[in-house]
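For reference, the structure is listed below as structure tokens.
The values are calculated or read from the model by the stated rules, or taken from the named source; none is laboratory data. Computed from a predicted model, the values in this text were never measured in an experiment. In this analysis, Cβ positions are derived from the backbone assuming ideal geometry, glycine residues included, and neighbour counts consider all displayed protein chains.
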Amino acid sequence: MADTLKPTTVPQVVGRFAPSPTGPLHFGSLVSAVGSYCLARQGGGRWLLRMEDLDTPRVVPGAADKILNTLEILGLTWDGPVAWQSRRVELYRSALDELRGKGLVFACGCSRQDLQVSAPHAGEEGLIYPGTCRRGLPPGRQPRAERIRVPELAVGFCDGVFGAVDQCLADAVGDFVLRRADGIFAYQLAAVVDDAATGVNQVVRGADLLGSTPRQIFLHSCLGHPLPHYIHLPLALAQDGEKISKRHGAPEIDGTLEGGRIIRQTLDFLGQRVPLELQGAPAGELLHWGVTHFDLERVPQLSRVAAC
Ligand code: GLU
């Protein structure tokens, strides 16, 4: 009997954009929004929106609504309801319980100052935890944060823009924080729990998070989640060579005023060749072009000064 050809089912892409409401949308975050949007929509995939508003001391009142409003004006429309991290803490708590149940979590009594004194090196990701409380709290120390024990193993993945990346967690970051001393669940844990819970299988974001990805892959594997595909985009820099950021005083994007121009600049920044006839086209038309023509091969690795 002839072999029957089984149709191969390609899973639908589920992408997401996950801004932190620490200020309005700026060019740097728009690069992630447009890149993740085009790559998710390209194959008819879903594009979700998550508001990373857990770090309450840094949240700026009104910023989340402004971000959502700008995205809507630009035509970057998302699927389903916005996932507000501040309303999802029970999920993070139960993931932490699960990791604790596996014996992977320990209480840490070190203050930032202790770490500055005792951490042997500062890696690219900040201070490398020296392991002070990993075998139990030293006498007289009170539990502050909770950390996960990391193995002496390299975590590797293939990034859609940067190619093969690997990092030995123990050397690069050490046992990292899952719950901070102020009780707030750490970004690494919340992002992993949410990406898995919402079925995200394609993570597109700025290259400043490339170094966080091995930690996230490690957490996904500890929690038994399937791994998403990671794509990190070049960072938009300000004139002084620093990453454009809200803290850096990046100009706010006014979707009504800048519409098409800013989307075009974003696509140009991502190495896409927007045709000249689309000069002056509205945002929606440029996004449509981006969804149809976005070519990952053209995205440069190099972070550079944005022309906006
Ligand atoms: N909230 C992060 C930011 O605004 C992005 C996190 C992510 O995409 O995983 O930089």
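Inspection of segment 104-111 finds a residue satisfying the criterion of being more than 30 Å from Asp65 (Cβ to Cβ), surrounded by fewer than 18 Cβ atoms within 10 Å (Cβ to Cβ) and either within 18 Å of the chain's Cα centre (by Cα) or at pLDDT below 95 (or both). Gly260 falls short on exactly one of the conditions (1) closer than 18 Å to Phe17 by Cα; (2) part of a helix (DSSP H, G or I); (3) touching a Pro at 6+ places or on another chain (Cβ under 6 Å), and that condition is (1). For segment 174-197, the criterion of being within 14 Å of the ligand (Cβ to nearest atom), over 26 Å from Ser111 (Cβ atoms) and touching a Pro at 6+ places or on another chain (Cβ under 7 Å) is met by at least one residue.
For Phe162, state whether it is touching a residue at least 60 places away in the same chain (Cβ under 8 Å) and either within 30 Å of His26 (Cα to Cα) or within 14 Å of the ligand (Cβ to nearest atom) (or both).
Values: touching a residue at least 60 places away in the same chain (Cβ under 8 Å): yes; either within 30 Å of His26 (Cα to Cα) or within 14 Å of the ligand (Cβ to nearest atom) (or both): yes.
In short, yes.
In segment 205-215, which residue that is in contact (Cβ under 8 Å) with a residue 40 or more places away in the chain and of a type in the set (D, E, K, R) is nearest to the ligand (Cβ to nearest atom)?
This residue is Arg205.
The condition of being surrounded by fewer than 14 Cβ atoms within 10 Å (Cβ to Cβ), within 19 Å of Gly211 (Cβ to Cβ) and charged (D, E, K, R) holds for only one of Glu242, Glu277, Glu297, that being Glu242. Can you name the residue in segment 5-30 that is part of a helix (DSSP H, G or I) and within 10 Å of the ligand (Cβ to nearest atom) and is also surrounded by the most Cβ atoms within 10 Å (Cβ to Cβ) among such residues? Selected residue: Ser29. Within segment 78-99, the residues that satisfy the criterion of being over 19 Å from the mean Cα position of the chain (by Cα) and in contact (Cβ under 8 Å) with a residue 40 or more places away in the chain are Arg93, Leu96, Glu98, Leu99. Taking residues in segment 216-235 that are polar (S, T, N, Q), and partners anywhere that are surrounded by fewer than 22 Cβ atoms within 10 Å (Cβ to Cβ), the pairs with Cβ atoms closer than 8 Å and at least 6 places apart or on different chains are Gln216/Gln188; Ser221/Leu227. Screening Gln202 against (1) closer than 24 Å to Gln12 by Cβ; (2) away from the ligand (no atom under 16 Å from the Cβ) leaves a single unmet condition, (2). Of the numbered criteria (1) modelled with pLDDT of 95 or more; (2) outside any helix (DSSP H, G or I); (3) within 16 Å of the ligand (Cβ to nearest atom); (4) closer than 22 Å to Tyr187 by Cα, the one Ala33 fails is (2).
If I ask for residues that are within 15 Å of the ligand (Cβ to nearest atom) and more than 15 Å from the chain's Cα centre (by Cα), which ones from segment 219-236 would you list? Walk me through how you get there before you give the answer.
The initial filter retains those residues of segment 219-236 that are within 15 Å of the ligand (Cβ to nearest atom), namely 219-220, 225, 227-236.
Selection gives His225, Ala236.
The set of residues in segment 240-265 that are under 17 Å from Ser303 (Cα atoms) and modelled with pLDDT of 75 or more comprises Asp240, Gly241, Glu242, Lys243, Ile244, Gln265. Every listed requirement among (1) more than 17 Å from Ile253 (Cβ to Cβ); (2) within 16 Å of the ligand (Cβ to nearest atom) is met by Phe106 save one, (2).
When only residues in segment 36-67 that are among the small types (Gly, Ala, Ser) and closer than 27 Å to Val305 by Cβ count, which is farthest from the ligand (Cβ to nearest atom)?
Our first condition is that a residue be among the small types (Gly, Ala, Ser); within segment 36-67, this holds for 36, 40, 43-45, 62-64.
This time we only want the ones that are closer than 27 Å to Val305 by Cβ, so: 36, 63.
On the way: Ser36: 8, Ala63: 11 Å.
Checking each candidate, the answer is Ala63.
For Leu115, are the conditions met, namely being in contact (Cβ under 8 Å) with a residue 12 or more places away in the chain, over 28 Å from Asp194 (Cα atoms) and in contact with a Leu (Cβ under 8 Å, 6 or more places away or on another chain)? Against the criterion (in contact (Cβ under 8 Å) with a residue 12 or more places away in the chain, over 28 Å from Asp194 (Cα atoms) and in contact with a Leu (Cβ under 8 Å, 6 or more places away or on another chain)), Leu115 qualifies. Sub-6 Å Cβ pairs linking a first residue in segment 16-29 that is of a type in the set (A, V, I, L, M) to a second residue that is more than 7 Å from the ligand (Cβ to nearest atom), at least 6 apart or interchain, are Ala18/Arg50; Leu25/Ile67; Leu25/Thr70; Leu25/Ile253, ordered by first then second residue.
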